[in-house]
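**Student:** Okay, here's the structure, questions in a sec.
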Amino acid sequence: MEKRVTFSKWTIGILFAVPQLFLIFTFFYWPAGQAVYWSLTLQQPWGGGNIWVGLDNFRSILSNASYWDSIAASMIFAGISTGLAMVIALVLAALTDRQLAGSWLYRVVLIWPYGIAAPALALAFRFILAPEAGFMAVVNRAWPGFWDPGLDGADAMASIIIAFSWKYVGYNFIFFLAAFQAIPRSLIEAAAMDGSGVIRRFWDIQFPLITPTIFFLLVINITESFQDSFGIVDIMTAGGPANATNLMVYKIYSDGFKGLDYSGAAAQSIILMLLIIALTIVQFRFIERRVHYR
Amino acid sequence: MVERTPILNFFTHLILFAGFVFCVAPFAIVAIAASHNLKDVNDVPMSLLPGSDFWVNIKTAWTTADLGPKLLNSFIMAFGVAAGKVIISALTAFSIVYFRYPGRMLMFWLIFITLMLPLEVRIVPTYAVVANVLEPYQAIMDLTGLSWLIEKVSGVQVSLSLGLLNSYSGLILPLVATATGTFLYRQFFLTVPDELTEAARMDGAGALRFFVDILLPLSRNNMAALGTIMFLWAWNQYLWPLLITTDQSHAMAVTELKQLIPNVGGAPEWHIAMAGTLIVMLPPLIVVVLMQRWFVRGLIATEK
C-alpha cells in the first residue's frame with residue numbers, strides 16, 4: 001500500500017530517517033559485519049590484532065562435541081517449551097472464548113507473566129523447584145533422589161523449560177484470544193444451528209481461522225527460545241550440570257566473555273543467526289501453505 | 001453461548017481454574033515465601049499461610065542488593081529506551097510513508113532486517129562498538145584514506161574514541177537500534193486518510209507542521225502502546241546490562257537478582273531472595289495491570 005499524497009521536498013524527508021539510520025548503522029550493521037569478519041579471523045583478546053583464518057573457526061566449532069551438545073540442548077528446549085506454551089495457551093484461550101461467567105478473570109490474569117523479567121521468574125522458579133526446600137522436597141522425601149536440577153541434567157532441562165513455558169503461555173494466550181474473538185459470532189451460531197457440536201465447530205471453523213496466529217506464534221516462540229532463554233539459564237542453571245543446559249546463546253556468552261574466545265563466539269553467533277533465519281524461512285515455506293489467510 | 005452444554009461448561013470451568021492456579025501460583029508462592037523467616041521458608045513442606053516477616057525481608061533484600069539506586073537505574077534505562085523508540089520510530093516511519101526519494105525501498109529493507117537479528121546474537125561485536133562507539137567511523141576514515149589525508153595536511157593523527165561502557169547512553173542506544181516501532185507507526189500512518197494530508201497542504205502546512213500538528217496527535221494510542229511495550233522490554237533486559245555495567249553505580253535491578261541466589265553451603269536464605277524477586281517483578285507488573293487495555297491492543301498491532 002502506498003500513499004497517494006506525499007510531500008515533495010524529499011531532501012527534508014530523508015532527514016527524518018537520519019537518527020534511525022545512524023543508530024542501526026552504528027549498533028546493528030557495523031557489529032553484524034564485525035561478527036562476520038571476526039568469525040573468519042583469529043582475534044586476539046584485548047586488541048592484540050587478528051589473523052585471517054578463513055573458515056577455520058567454523059571447522060573447529062563444528063568438530064567440537066560440546067557445541068553439538070549445545071545445539072541439541074537448544075533444540076530440545078525450543079521444541080518442548082514451544083509445544084507446551086502453545087498447546088496450553090491454545091486450550092485456555094479457546095475455553096476463555098466461550099465467555100462463561102468469570103472468564104474475564106482469566107483474560108486479566110493470564111497476561112501478567114508477560115510482564116515478568118526472565119531472571120526474576122527464573123529466581124522464583126529456582127526456589128519453587130529447589131530440591132531441598134518447598135514442594136519438590138516433599139516429593140524427594142517420598143522418593144529420595146527423584147528431583148535434583150543441580151546434579152541431574154534432565155531435571156535441570158525440565159526446570160528451564162517450565163520457567164520459559166510459564167512466561168510464554170501468557171504471551172501466546174493474548175494472541176490466541178484476540179484471534180478467537182476476531183471470528184464472527186454469526187459463523188459459529190450458523191454452524192450450531194446446522195447441528196454441529198462444539199468440538200466439530202472448533203476443528204472445522206475456529207481452528208482453520210486461527211492458523212495464521214498459530215503460525216506467527218510458532219515463529220516467535222521458537223526464535224525467542226533461542227534468545228530470551230539467556231536470563232533463565234544464567235539464573236537457574238548457569239549452563240550446568242555438565243553443560244546439560246548450555247544453550248547456544250549461553251555458550252556464546254560464556255565462550256566470548258568468560259573464555260575470551262571472541263572468534264569462536266563470533267562464529268557461533270553467525271551460526272545462530274543463520275539458524276534463526278533458516279528456521280523462519282523453513283516455517284514460511286512449509287507451514288504457510290497450510291495456513292488459511294482471510 | 002449458542003446452546004446449553006452443562007457438562008462441557010463444567011470442564012471448561014475446571015480447566016480454566018487450573019489455568020488460573022497455574023498462572024497465579026508462582027506469584028503467590030513468591031509473596032508467601034517472602035513473608036517467612038529462614039526456618040519456615042525451608043520447612044518441608046513450606047507453610048502456605050503468610051508469615052510475619054514480610055517487611056523485614058523486603059528491607060533486608062532492599063539493602064543487600066542495594067535495590068534503591070538499581071531500581072532508579074532500571075527506570076532511567078527503561079524510560080530512555082521507550083522514549084527513544086517512540087520518537088525515532090515515528091520520525092523514520094514518517095519519512096518512509098510520506099516522502100518519495102531514491103533508495104527509499106532499500107532503506108525500508110535495511111530497517112526491516114534489524115528485526116531478524118536480536119541483540120543477543122550479535123552481542124560480542126556490539127560490546128566492542130559500545131566500548132568505542134566511534135570505532136566504525138574511525139575505520140571508515142582509515143579505509144577511505146581520510147585520516148591519512150588529515151594527518152598529512154594538519155599533522156593531527158585522527159583517533160576517534162568515545163567509550164560508552166558504564167553509561168546510560170551505552171545501555172540505551174543499542175536497544176533503540178531496532179525497527180520494532182517503525183513498523184507499528186508505518187501501519188498506522190498508512191491508514192491515515194490522504195484527504196487529511198491534502199487539506200493540510202492546501203492550508204499551507206509543510207511536512208514538519210503536518211507531522212507535529214496532525215500526525216502525532218492522531219498516533220497517541222500507538223505511542224502509548226509502543227511506549228508501554230518498550231518500557232517492559234527494556235526493564236526486563238538482562239544480558240546487555242549484565243555485560244556493559246561492570247561498575248555497580250550503573251547496574252540494573254534485574255541483574256542484581258543474581259546476588260540474592262543462596263550460595264551453596266551458605267544459609268538457604270530463600271525468604272530474602274523471594275522478597276527481592278517480588279520487588280523487581282512488581283514495577284513491570286504494575287505497568288501491565290495499569291496499561292492492560294493499551295498493551296493488548298498494541299501487542300496485537302505490532303505483532304511483537
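The values are calculated or read from the model by the stated rules, or taken from the named source; none is laboratory data. All values reported here derive from a predicted model rather than from experimental measurement. Ideal geometry is used to build each Cβ from the backbone, glycine not excepted, and the neighbour counts take in all protein chains shown. Ligands, DNA and RNA are excluded from the accessible area calculation, which covers all protein heavy atoms including side chains. Shrake-Rupley method; radii C 1.70, N 1.55, O 1.52, S 1.80 Å.
**Student:** Quick one: which helices (runs of 4 or more DSSP H) lie wholly within the stretch A:109-195 and hold at least 3 residues that are without any contact (Cβ under 8 Å) to a residue 40 or more places away in the chain? I'd like the intermediate steps shown before the answer.
**Tutor:** Working: elements: A:112-115, A:118-128, A:134-142, A:153-182, A:185-193.
Filter on the stretch A:109-195 gives A:118-128, A:134-142, A:153-182, A:185-193.
**Student:** Out of all the residues in the stretch A:95-105, which are part of a helix (DSSP H, G or I) and either open to solvent by less than 20 Å² (accessible area, probe 1.4 Å) or β-branched (V, I, T) (or both)? Step through it out loud before you land on a result.
**Tutor:** Residues of the stretch A:95-105 that are part of a helix (DSSP H, G or I), as a first pass: A:95-96, A:103-105.
Within the stretch A:95-105, A:T96, A:S103 qualify.
**Student:** Looking at A:L100, A:L151, A:L121 in this structure, which one is within 11 Å of another protein chain (Cβ to nearest Cβ) and over 17 Å from the mean Cα position of the chain (by Cα)?
**Tutor:** Details: A:L151 fails: within 11 Å of another protein chain (Cβ to nearest Cβ); A:L121 fails: over 17 Å from the mean Cα position of the chain (by Cα).
Checking each option against the conditions leaves just A:L100.
**Student:** Given B:L143, B:L91, B:L106, B:L149, which one is in a helix (DSSP H, G or I) and facing another protein chain (nearest Cβ under 7 Å)? Quick ask: steps written out before the conclusion?
**Tutor:** On the way: B:L143 fails: facing another protein chain (nearest Cβ under 7 Å); B:L106 fails: facing another protein chain (nearest Cβ under 7 Å); B:L149 fails: facing another protein chain (nearest Cβ under 7 Å).
Going through B:L143, B:L91, B:L106, B:L149 in turn, the sole match is B:L91.
**Student:** Shifting gears a bit: Here are the criteria: (1) assigned to a helix (DSSP H, G or I); (2) out of contact with any Lys or Arg (no Cβ under 9 Å at 6 or more places or on another chain); (3) not acidic (D, E). Tell me which single one A:I235 does not satisfy.
**Tutor:** Failed condition: (2).
**Student:** Which numbered condition trips up A:I276, out of (1) under 20 Å from the mean Cα position of the chain (by Cα); (2) modelled with pLDDT of 85 or more; (3) within 22 Å of B:P125 (Cβ to Cβ); (4) open to solvent by less than 30 Å² (accessible area, probe 1.4 Å)?
**Tutor:** (2)
**Student:** Is it the case that B:P125 is out of contact with any Leu (no Cβ under 7 Å at 6 or more places or on another chain), in a helix (DSSP H, G or I) and either facing another protein chain (nearest Cβ under 8 Å) or open to solvent by 20 Å² or more (accessible area, probe 1.4 Å) (or both)? Steps first, please.
**Tutor:** Details: out of contact with any Leu (no Cβ under 7 Å at 6 or more places or on another chain): yes; in a helix (DSSP H, G or I): yes; either facing another protein chain (nearest Cβ under 8 Å) or open to solvent by 20 Å² or more (accessible area, probe 1.4 Å) (or both): yes.
For B:P125, the condition - out of contact with any Leu (no Cβ under 7 Å at 6 or more places or on another chain), in a helix (DSSP H, G or I) and either facing another protein chain (nearest Cβ under 8 Å) or open to solvent by 20 Å² or more (accessible area, probe 1.4 Å) (or both) - is met.
**Student:** Return the only residue of B:N37, B:N57, B:N42 being in contact (Cβ under 8 Å) with a residue 60 or more places away in the chain, touching a Pro at 6+ places or on another chain (Cβ under 6 Å) and of a type in the set (S, T, N, Q). I'd like the intermediate steps shown before the answer.
**Tutor:** Numbers: B:N37 fails: touching a Pro at 6+ places or on another chain (Cβ under 6 Å); B:N57 fails: touching a Pro at 6+ places or on another chain (Cβ under 6 Å).
None of the others qualify; the one that does is B:N42.
**Student:** Further, regarding this structure: Please enumerate the residues belonging to the stretch A:83-97 that are without any contact (Cβ under 8 Å) to a residue 12 or more places away in the chain and under 17 Å from the mean Cα position of the chain (by Cα). Steps first, please.
**Tutor:** Taking the stretch A:83-97 and keeping what is without any contact (Cβ under 8 Å) to a residue 12 or more places away in the chain, we get A:83, A:87, A:91, A:95.
Within the stretch A:83-97, A:G83, A:V87 qualify.
**Student:** A follow-up question, please. Just the residues that are among the hydrophobic types (A, V, I, L, M, F, W, C) and more than 21 Å from A:P119 (Cβ to Cβ), please, taken from the stretch A:165-185. Walk me through how you get there before you give the answer.
**Tutor:** Step one: of the stretch A:165-185, the residues among the hydrophobic types (A, V, I, L, M, F, W, C) are A:166, A:169, A:173-180, A:182-183.
Listed by number, the residues that qualify are A:F173, A:I174, A:F175, A:F176, A:L177, A:A178, A:A179, A:F180, A:A182, A:I183.
**Student:** Now, a different point. Among the numbered criteria (1) more than 13 Å from chain A (Cβ to nearest Cβ); (2) open to solvent by 50 Å² or more (accessible area, probe 1.4 Å), which one does B:S161 miss?
**Tutor:** (1)
**Student:** Let me ask another. Taking the stretch B:10-39, which residues are open to solvent by 50 Å² or more (accessible area, probe 1.4 Å) and more than 29 Å from the chain's Cα centre (by Cα)?
**Tutor:** The answer is B:F10, B:F11, B:H13, B:L14, B:I15, B:F17, B:A18, B:N37, B:L38, B:K39.
**Student:** Can you find a residue in the stretch B:43-53 that is assigned to a helix (DSSP H, G or I), more than 8 Å from chain A (Cβ to nearest Cβ) and among the acidic types (D, E)? Working first, answer last.
**Tutor:** The initial filter retains those residues of the stretch B:43-53 that are assigned to a helix (DSSP H, G or I), namely none.
No; the residues of the stretch B:43-53 include none that is assigned to a helix (DSSP H, G or I), more than 8 Å from chain A (Cβ to nearest Cβ) and among the acidic types (D, E).
**Student:** Another question about this same structure. Checking B:M116 against (1) surrounded by fewer than 17 Cβ atoms within 10 Å (Cβ to Cβ); (2) in contact (Cβ under 8 Å) with a residue 24 or more places away in the chain; (3) within 26 Å of A:D261 (Cα to Cα), only one condition comes out false. Which one?
**Tutor:** With respect to (1) surrounded by fewer than 17 Cβ atoms within 10 Å (Cβ to Cβ); (2) in contact (Cβ under 8 Å) with a residue 24 or more places away in the chain; (3) within 26 Å of A:D261 (Cα to Cα), B:M116 is out only on (2).
**Student:** Looking at (1) over 28 Å from A:G150 (Cβ atoms); (2) among the aliphatic types (A, V, I, L, M); (3) surrounded by 18 or more Cβ atoms within 10 Å (Cβ to Cβ), which is the only condition A:I232 fails?
**Tutor:** All conditions are met except number (1).
**Student:** Now for a separate question. Any chance you could count how many residues in the stretch A:197-218 are facing chain B (nearest Cβ under 10 Å) and open to solvent by less than 30 Å² (accessible area, probe 1.4 Å)? Before you say what the answer is, go through the steps one by one.
**Tutor:** Taking the stretch A:197-218 and keeping what is facing chain B (nearest Cβ under 10 Å), we get A:197-199, A:201, A:213, A:216-217.
Still in the list and also open to solvent by less than 30 Å² (accessible area, probe 1.4 Å): A:201, A:213, A:217.
Number of matching residues: 3.
**Student:** Where the second residue is open to solvent by 60 Å² or more (accessible area, probe 1.4 Å) and at pLDDT 85 or above and the first is under 30 Å from B:R293 (Cα atoms) and lies in the stretch B:195-223, which pairs have Cβ atoms under 8 Å and are six or more apart or on separate chains?
**Tutor:** Taking only residues 6 or more apart or on different chains, the pairs are B:F210/B:R201; B:I214/B:L196.
**Student:** Could you check, for the stretch B:277-292, whether at least one of its residues is under 15 Å from A:A118 (Cβ atoms), more than 10 Å from every other protein chain (Cβ to nearest Cβ), buried (at least 22 other Cβ atoms within 10 Å of the Cβ) and not charged (D, E, K, R)?
**Tutor:** no
**Student:** Output the residue which, of all residues in the stretch B:256-276 that are over 11 Å from A:I235 (Cβ atoms) and at the interface with another protein chain (Cβ under 7 Å from one of its Cβ atoms), is surrounded by the most Cβ atoms within 10 Å (Cβ to Cβ).
**Tutor:** Among them, the one singled out is B:W270.
**Student:** Residues that are closer than 26 Å to B:T277 by Cα and more than 11 Å from chain A (Cβ to nearest Cβ): does the stretch B:193-204 have at least one?
**Tutor:** Keep residues of the stretch B:193-204 that are closer than 26 Å to B:T277 by Cα, which gives none.
Looking through the stretch B:193-204, none of the residues is closer than 26 Å to B:T277 by Cα and more than 11 Å from chain A (Cβ to nearest Cβ).
**Student:** Also, quick follow-up: Please verify whether the stretch B:62-77 includes one or more residues that are within 10 Å of chain A (Cβ to nearest Cβ) and under 23 Å from the mean Cα position of the chain (by Cα). Spell out the reasoning first.
**Tutor:** Pass one, the stretch B:62-77, residues within 10 Å of chain A (Cβ to nearest Cβ): B:74.
Then keep just the ones that are under 23 Å from the mean Cα position of the chain (by Cα); that gives B:74.
Yes, that holds for at least one residue.
**Student:** Tell me, yes or no, whether the stretch B:13-34 has at least one residue that is in contact (Cβ under 8 Å) with a residue 60 or more places away in the chain and either closer than 15 Å to A:L95 by Cβ or not in a helix (DSSP H, G or I) (or both).
**Tutor:** Yes: the stretch B:13-34 contains one or more residues that are in contact (Cβ under 8 Å) with a residue 60 or more places away in the chain and either closer than 15 Å to A:L95 by Cβ or not in a helix (DSSP H, G or I) (or both).
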